[in-house]
Structure formats: structure tokens, C-alpha cells
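A short worksheet on the structure shown next.
The values are calculated or read from the model by the stated rules, or taken from the named source; none is laboratory data. Just so we're clear, the structure is a prediction, and the values are computed from it rather than from any experiment. Virtual Cβ from ideal backbone geometry, glycine too; neighbours counted across all protein chains shown. Heads up: the accessible areas ignore ligands, DNA and RNA and are worked out on the full protein's heavy atoms, side chains in. Shrake-Rupley method; radii C 1.70, N 1.55, O 1.52, S 1.80 Å.
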Amino acid sequence: MPGGFHPFHAGHFALYQSAQQAFPGADIKVAATNDVSQRPFPFAIKEKLAKLAGVKPGDFYQVDRKST
């Protein structure tokens with residue numbers, strides 16, 4: 001589940017939960033970059049907000065902008 005997450009919010013978390021419910025047993029991950037050239041939040045802030053929203057540890061990870 002790639003996205004900009006500026007900031008990560010309840011709608012993003014609802015999508016994460018929907019994916020978990022739609023695909024039980026699947027490994028649902030959330031991917032974000034650390035690119036701040038056009039967006040305000042670095043990865044560390046995105047990750048913290050995602051975890052506060054309820055994303056499981058290890059399900060939110062950093063990717064290179066070229067791979068998203």
C-alpha cells in the first residue's frame with residue numbers, strides 16, 4: 001500500500017484495515033519514502049503517525065522513491 005501520507009490519517013488506517021480483512025493471512029505492508037523535496041514530512045514522522053494510528057510494527061517501511 002504505497003502513498004504520500006502527508007500526514008498518515010484515519011482514512012489511510014481504514015484502508016490498511018480493509019486490506020487486512022479482504023485478504024486474511026496476507027502480509028499487508030505500508031510503504032513510504034523519505035523524500036522531502038516536494039512533501040513536508042520525513043519518513044520518521046510518517047512512521048510515527050502510522051504507528052500511533054494502529055499500523056502494526058514492521059508493517060510500515062521505507063522505500064526508495066524510484067521503487068514506489
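Observations
- When segment 37-65 is filtered for residues that are open to solvent by 80 Å² or more (accessible area, probe 1.4 Å) and either assigned to a loop (DSSP other than H, G, I, E, B) or without any contact (Cβ under 8 Å) to a residue 24 or more places away in the chain (or both), the ones remaining, listed by number, are Ser37, Gln38, Arg39, Pro40, Lys48, Lys51, Leu52, Lys56, Pro57, Asp64.
- Among the conditions (1) open to solvent by 50 Å² or more (accessible area, probe 1.4 Å); (2) over 11 Å from the mean Cα position of the chain (by Cα); (3) at pLDDT below 95, the only one that Gly11 does not satisfy is (1).
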